[in-house]
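First the structure, in the form of structure tokens, and then the observations on it.
The values are calculated or read from the model by the stated rules, or taken from the named source; none is laboratory data. Everything numeric in this text was worked out from a predicted model, so none of it was measured. With ideal geometry, Cβ positions are generated from the backbone for all residues, glycine too; neighbour counts draw on all protein chains shown.
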Amino acid sequence: MQEAVQICDLTFSYGNIQVLRKLNFSLQEGEWIGIQGANGAGKSTFLHLLLGLKRADSGEILLFGQDVEKFTDWEWVSFVSQSSFSRRTQFPASVEEIVSMPLQWRRKKRLLSKENMKREVKRALRLVQMEDFIHRQLNQLSGGQVQRVQLAQALAGHPKLILLDEPTTGLDKETTAELDHLFEGLRRRREESGLVISHDLHWLKSSVDSVYTLDKGVLERL
């Protein structure tokens with residue numbers, strides 16, 4: 001089985017402050033892994049390095065066997081940020097419009113018909129049990145429903161790797177439990193790999209296959 005992510009001796013610093021210290025890590029295709037750490041531990045920095053938004057001081061990052069700096073198949077990767085939807089919920093956009101965003105470039109290049117795009121949006125919403133909300137405006141949804149729409153958007157383009165940054169932030173216990181159930185369904189599919197960043201160790205243990213902690217720049221498996 002191919003590795004979706006492989007990291008060897010990764011280091012990163014902000015000035016004189018070393019944030020990541022010779023990290024070694026791998027994520028297999030179809031596997032879901034969580035990384036837990038306190039605020040400021042370097043979790044978001046770790047994701048930004050995987051996305052090529054920051055450059056490591058040293059070490060190697062491979063996505064599906066390709067160096068991240070030369071990686072071109074970014075349609076294989078979906079990133080769900082912590083703050084993206086808190087900004088978008090005020091926009092006059094429907095659930096259908098938001099979920100279709102990753103598919104629009106295919107539509108413009110005539111690689112995807114309008115009918116097939118609608119079909120893919122419905123498929124993604126069905127996976128997160130939000131198909132009945134397809135015509136709702138985002139500002140009409142609860143926090144948990146918005147998170148589900150965000151996941152549907154990430155799934156719409158058939159990614160091979162999903163990166164999620166603090167997906168339970170701002171959710172109550174009941175909604176977090178619903179999200180846990182949703183993640184269980186995604187893991188059973190084994191069609192995507194997932195890397196989930198969270199401060200909530202208890203939730204991660206019930207939602208992913210294995211959990212690592214990031215503390216003082218060191219990544220260790222629990």
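Note on segment 3-42: enclosed strands (runs of 3 or more DSSP E) holding 2 or more residues that are over 13 Å from GLU220 (Cα atoms) are 3-14, 17-28.
The set of residues in segment 20-30 being at pLDDT 95 or above and within 14 Å of the chain's Cα centre (by Cα) consists of LEU27 alone. One residue alone among ARG188, ARG148, ARG136 is of a type outside the set (Ser, Thr, Tyr), over 30 Å from ALA56 (Cβ atoms) and surrounded by 20 or more Cβ atoms within 10 Å (Cβ to Cβ), and that residue is ARG148. Tally time: how many residues in segment 13-58 are touching a Lys or Arg at 6+ places or on another chain (Cβ under 7 Å) and more than 20 Å from SER210 (Cα to Cα)? Going through segment 13-58 one residue at a time, the tally reaches 2.
When segment 50-69 is filtered for residues that are in contact (Cβ under 8 Å) with a residue 12 or more places away in the chain, under 18 Å from the mean Cα position of the chain (by Cα) and outside any strand (DSSP E or B), the ones remaining, listed by number, are LEU50, LEU51, GLY52, LYS54, PHE64, VAL68. Restricting segment 3-19 to residues that are of a type outside the set (Gly, Ala, Ser) and modelled with pLDDT of 95 or more, the residue that is nearest to TRP74 (Cα to Cα) is VAL5. Pairs meeting the criteria (first residue in segment 21-49 and free of Cβ contacts under 8 Å to residues at least 60 places away in the same chain, second residue of a type in the set (Gly, Ala, Ser), beta carbons under 8 Å, at least 6 apart or on different chains) are LYS22/GLY59; LEU49/ALA56.
Taking segment 183-212 as the range and being without any contact (Cβ under 8 Å) to a residue 60 or more places away in the chain, under 16 Å from LEU155 (Cβ atoms) and in contact with a Ser or Thr (Cβ under 9 Å, 6 or more places away or on another chain) as the test, only GLU184 passes. The number of residues in segment 52-81 being within 30 Å of LEU111 (Cα to Cα) and surrounded by fewer than 16 Cβ atoms within 10 Å (Cβ to Cβ) comes to 10. When GLU192, GLU131 are checked against the criterion of being of a type in the set (Asp, Glu), closer than 26 Å to LEU20 by Cβ and touching a Leu at 6+ places or on another chain (Cβ under 9 Å), GLU192 stands alone in meeting it. Every test in (1) under 18 Å from the mean Cα position of the chain (by Cα); (2) surrounded by fewer than 18 Cβ atoms within 10 Å (Cβ to Cβ) is passed by HIS202 save one, and that test is (1).
What do you reckon, is ARG107 at pLDDT below 95 and either of a type in the set (A, V, I, L, M) or closer than 22 Å to ASP165 by Cα (or both)? For ARG107, the condition - at pLDDT below 95 and either of a type in the set (A, V, I, L, M) or closer than 22 Å to ASP165 by Cα (or both) - is not met. Does segment 112-150 hold any residues that are touching a residue at least 40 places away in the same chain (Cβ under 8 Å) and closer than 21 Å to ASP172 by Cα, and which are they? Passing the criteria: VAL128, GLN129, LEU138, ASN139, LEU141, VAL146, GLN147, VAL149, GLN150.
Scanning segment 1-47 for residues that are among the hydroxyl-bearing types (Ser, Thr, Tyr) and surrounded by 16 or more Cβ atoms within 10 Å (Cβ to Cβ) gives SER44, THR45. Selection within segment 97-127: residues that are under 20 Å from the mean Cα position of the chain (by Cα) and of a type in the set (A, V, I, L, M). The member of this set that is surrounded by the most Cβ atoms within 10 Å (Cβ to Cβ) is VAL99.
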